[in-house]
Amino acid sequence: MSLADAPRISGWRSATIVEAAPLTPRVKRVVLGLDPPLRFRAGQHVDLRLTAPDGYQARRSYSIASGPETPDRLELAIEKLDDGEVSPFFHEVAEVGDAIDLRGPIGGHFVWSVEDGGPLLLIGAGSGVAPLMSMVRHRAARGDRTPAALLLGARTAAEAPYREELLALAAADPSLGILFLLSRESAHGPFDRAGRVDAASVRAATAGWPGPARHVFVCGSNAFVNAAAEAALSGGAPPGSVRTERYGG
Amino acid sequence: MATRGFTGRRTPDDHAARTPPGQALTTDFPVLSAGPTPKIALADWSFTLKVGPRPVAKWSWEEFSALPRTSYVRDIHCVTTWSKLDTAWEGVLIDDVLAAVGLAPPTGFTLAHGFDGYTTNVPTADLVGGKAMIATAYDGAPLTPDHGGPARLLVPHLYFWKSAKWVSGLQFTERDEAGFWELRGYHMYGDPWREQRYDDDA
Ligand SMILES: Cc1cc2nc3c(=O)[nH]c(=O)nc-3n(C[C@H](O)[C@H](O)[C@H](O)COP(=O)(O)OP(=O)(O)OC[C@H]3O[C@@H](n4cnc5c(N)ncnc54)[C@H](O)[C@@H]3O)c2cc1C
């Protein structure tokens, strides 16, 4: 798809929260119902806007975690920052039925479609798994078998969002490799490794591939992204293949 | 319509007049960029001025460091909604870069280029008159790679994606040529006071 074909960014429109439930102790899954649907590409984000009774507004960006195949139900994975303005609202106040203003889809760089091919290397931590989840779900919905590997950093298995879904996807699809890097816990099984994302874990996750990664997507906090992008490059990803999305400090 | 249960955290009154609409103040300095942070050795660094496709001047790090230096303190505004007040920068004003080669602003538009292949467009008028610089120091220390070091373009009155990190040169263009994010739906001008975030914002 060329840049010119990318979906246009909508004006502000209203969405309704149709599901809200914890994914991990710190990350909440929020599903927004949209009528009409919002066409987007895996990896893009939306801006959400909250309005106080006196008209004061706050807006923040959230990556879409659901696949483009369900454009009427956008799933977000929102991590709670204790001193934050918007993320605690979604954890403590927002409920199913609430209306939220939304604009999007936004971002034309951190995107992948099955037409882009692979091998595909995805590396994330925390809520940074959200746009990678959209790519993995898109790939699965299309029955695509592009060689793909997903490396997820988490302190413990319980703090890794989407763990069960990812393990099920990998079990059904030998061309999809999943590796959890657990920094505060030992491995539960062959899909876990103790430690952090490093060159050795990148090599381990991509060992069976016919060639080097063609597209690498790294998402999470800035510190994580710097370390993981470095790991991808020293683990064999060609310079120029690595795209990053940084959620902040 | 108000969002049920949202009251919000307000910008303190003494800073409200300096905070554009939709922005929240931060004391951190968040980092956003589209790829890995490039490592650029000063020996490999250069800065090139082009008029259209034609290079008209090129500096090594040593030569660039000999240009007149300016310091200023400015507020900066990122399109991801953080603003940071009173950031202290040092570098070479675009006015002084042009003066060094005896050049008047040759065209109405400029495309800034980065070592990572990044580009962004800025009207030339927004770069001159003491407004913009090639910054090499932040808060009294050499600019770190995360924040665009060795040198970044700094156009503090526009959204911060216009302040190209790892800048390698400026290219004066006849037409307003969209840069990296501008091709991907972001605004051609990017005035934070008019909330010009995306291409259909007025
Ligand atoms: C393209 C993009 C996609 C994103 N996707 C997701 C997502 O899928 N899930 C998710 O949970 N979050 C995501 N984020 C982060 C999200 O937009 C908010 O920044 C986050 O939820 C914090 O907002 P808050 O209002 O709770 O905190 P704030 O009140 O904004 O701030 C909390 C603390 O973080 C600092 N801070 C504020 N803004 C930033 C910033 N941009 N970078 C670094 N530090 C900052 C503040 O100084 C403060 O200390 C994304 C960000 C971007 C740019």
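When you check A:LEU150 against the structure, is it more than 14 Å from every other protein chain (Cβ to nearest Cβ), under 23 Å from A:PRO190 (Cβ atoms) and not small (Gly, Ala, Ser), yes or no? Yes: the conditions hold for A:LEU150.
Scanning the stretch B:42-62 turns up no residue that is within 9 Å of chain A (Cβ to nearest Cβ) and either polar (S, T, N, Q) or over 30 Å from A:ASP83 (Cα atoms) (or both). Name the single residue that is modelled with the highest pLDDT among those in the stretch A:1-13 being open to solvent by 70 Å² or more (accessible area, probe 1.4 Å) and over 22 Å from the mean Cα position of the chain (by Cα). Result: A:TRP12.
Looking at A:ALA204, A:ALA237, A:ALA170 in this structure, which one is more than 14 Å from chain B (Cβ to nearest Cβ) and crowded, with 18+ Cβ neighbours inside 10 Å?
Selected residue: A:ALA170, the only one of A:ALA204, A:ALA237, A:ALA170 that is more than 14 Å from chain B (Cβ to nearest Cβ) and crowded, with 18+ Cβ neighbours inside 10 Å.
Just to be sure before I move on: is A:VAL242 within 16 Å of the ligand (Cβ to nearest atom) and under 21 Å from B:GLY117 (Cα atoms) in the structure I sent? So A:VAL242 fails the test.
Residues that are aliphatic (A, V, I, L, M), open to solvent by 40 Å² or more (accessible area, probe 1.4 Å) and within 18 Å of the chain's Cα centre (by Cα) do not occur anywhere in the stretch A:92-112. A:ARG26 - would you say it is of a type in the set (Lys, Arg), within 16 Å of the ligand (Cβ to nearest atom) and farther than 25 Å from B:PRO20 by Cα? So A:ARG26 passes the test. Say we look at the stretch A:69-96 and pick out the residues that are among the acidic types (Asp, Glu) and under 13 Å from A:SER127 (Cβ atoms); which of these is nearest to the ligand (Cβ to nearest atom)? The residue in question is A:GLU79. Close Cβ contacts (under 8 Å, 6 or more residues apart or on different chains) running from residues in the stretch B:1-25 that are more than 7 Å from chain A (Cβ to nearest Cβ) to residues that are open to solvent by 70 Å² or more (accessible area, probe 1.4 Å) and modelled with pLDDT under 90 comprise B:ALA16/B:ARG10. Of all the criteria given as (1) more than 13 Å from the ligand (Cβ to nearest atom); (2) more than 12 Å from chain B (Cβ to nearest Cβ), the one not satisfied by A:TYR56 is (2). Looking only at residues in the stretch A:113-126 that are open to solvent by less than 10 Å² (accessible area, probe 1.4 Å) and within 16 Å of the ligand (Cβ to nearest atom), the one that is nearest to the other protein chains (Cβ to nearest Cβ) is A:ILE123.
The values are calculated or read from the model by the stated rules, or taken from the named source; none is laboratory data. None of these values were measured; they are calculated from a predicted model. Positions of Cβ are backbone-derived with ideal geometry, glycine not excepted, and every protein chain shown enters the neighbour counts. What goes into the accessible areas is simple: the full protein's heavy atoms, side chains included, and nothing from ligands, DNA or RNA. Shrake-Rupley method; radii C 1.70, N 1.55, O 1.52, S 1.80 Å.
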